[in-house]
1. When residues of region 42-58 are filtered for being touching a residue at least 24 places away in the same chain (Cβ under 8 Å), under 14 Å from ILE212 (Cα atoms) and hydrophobic (A, V, I, L, M, F, W, C), how many remain?
2. Looking at ILE91, ILE51, ILE4, ILE27 in this structure, which one is touching a Lys or Arg at 6+ places or on another chain (Cβ under 8 Å), surrounded by 14 or more Cβ atoms within 10 Å (Cβ to Cβ) and β-branched (Val, Ile, Thr)?
3. Quick check, is PHE209 under 29 Å from TRP121 (Cβ atoms), surrounded by 17 or more Cβ atoms within 10 Å (Cβ to Cβ) and more than 18 Å from the chain's Cα centre (by Cα)?
4. Within region 117-136, is even one residue among the small types (Gly, Ala, Ser), closer than 30 Å to ARG156 by Cα and touching a Gly at 6+ places or on another chain (Cβ under 8 Å)?
5. Is it true that some residue in region 89-105 is farther than 22 Å from ASP186 by Cβ, of a type in the set (A, V, I, L, M, F, W, C) and modelled with pLDDT under 95?
6. Name the single residue that is surrounded by the most Cβ atoms within 10 Å (Cβ to Cβ) among those in region 94-132 being assigned to a strand (DSSP E or B) and of a type in the set (A, V, I, L, M).
7. In region 119-148, what residues are out of contact with any strand residue (DSSP E or B) (no Cβ under 8 Å at 6 or more places or on another chain) and of a type outside the set (A, V, I, L, M, F, W, C)?
8. Take the residues of region 134-183 that are within 22 Å of LEU50 (Cα to Cα) and of a type in the set (Val, Ile, Thr): which is surrounded by the fewest Cβ atoms within 10 Å (Cβ to Cβ)?
Amino acid sequence: MSYIASWSGGKDSCFACYQAILDGYDISYLANFLSKEYRRVRFHGTEAKLIQLQAEAIGIPLFQKETTGSGYEQEVKDAIGGLIPNGVEGIVCGDIYLQETRNLMERICGDLGIKLIEPLWGNDPEKILLEFIDYGFEATIVSADSNLFDKEWIGRKVDRDFLKYLKDNNIDVCGENGEYHTFVTDGPLFKKKIKITSSRTIIRDRFWFLDILEYC
C-alpha cells in the first residue's frame, strides 16, 4: 500500500514527506492543490510549473488539482478519493500545530476511510527548522508579510541567520500562520538541484512575492 504526500513546494510539506519516507512509508504521489484563478499554490504564490519541476527533480509522480476557495474541502476530497483505486492508503501532511488545518484533513480522511500521517505534529518549530537545515535541505523565501519582513528577505535562503531574525522579532519560526512561505530547491529527497537564475520581487495585498522568471 502507498501514501500521498500533500505538497505545497515549501519546507514543511517537503520535510514531512522526507520524515515519512524515513519512517518507512511508501510515497507514490505528491498532491499539489492550486488556486483555480491564478494557477499558483495558494498563499505561496508558486507557479504550477515550478511544482512540476520539483516533482521531476525528486522523482515522485505529481498529482495537481485546481481548487476554489468556496469548494476547497470537497474538491480536495474528490481529488484524493480518485487516487484510492490506485492503492493509496493514506496521506502525509506537514501541519505542526494548527488544529483547524488538521481538523480539515481529519474530516477528509475520515470520509474517505484513509489514514492521516502527520510527522511534524506537536514538534518544536525551532527544532523542525534546524533539522531541515542540518539535513541539507535548501529553501528560498518566496513570500512574506511586508509588516514583518523587509523586501531584502525575499529570495534569500532559509538558514541560521534567518532563524535568528525570526526569533529576535518574535515571528513564528516555521511561519505556521502564513508569516512567510518557501520553495525547496535541494536536499536529500532531490536527485537534481533546482537553480533560480532570474527573479523579481513584487508586492500584492501586503505580501511580498518572489516571481521566479528563469531556472535550471
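The values are calculated or read from the model by the stated rules, or taken from the named source; none is laboratory data. Not measured: the values here are computed from a predicted model. Every residue, glycine as well, gets a Cβ built from its backbone with ideal geometry; the counts of neighbours run over all protein chains shown.
1. The number of residues fulfilling the criteria is 3.
2. ILE91
3. no
4. Scanning region 117-136 turns up at least one residue that is among the small types (Gly, Ala, Ser), closer than 30 Å to ARG156 by Cα and touching a Gly at 6+ places or on another chain (Cβ under 8 Å).
5. no
6. Residue satisfying both the conditions and the ranking: ILE117.
7. GLY122, ASN123, ASP124, PRO125, GLU126, LYS127, GLU131, ASP134, TYR135, ASN147, listed by residue number.
8. Selected residue: THR140.
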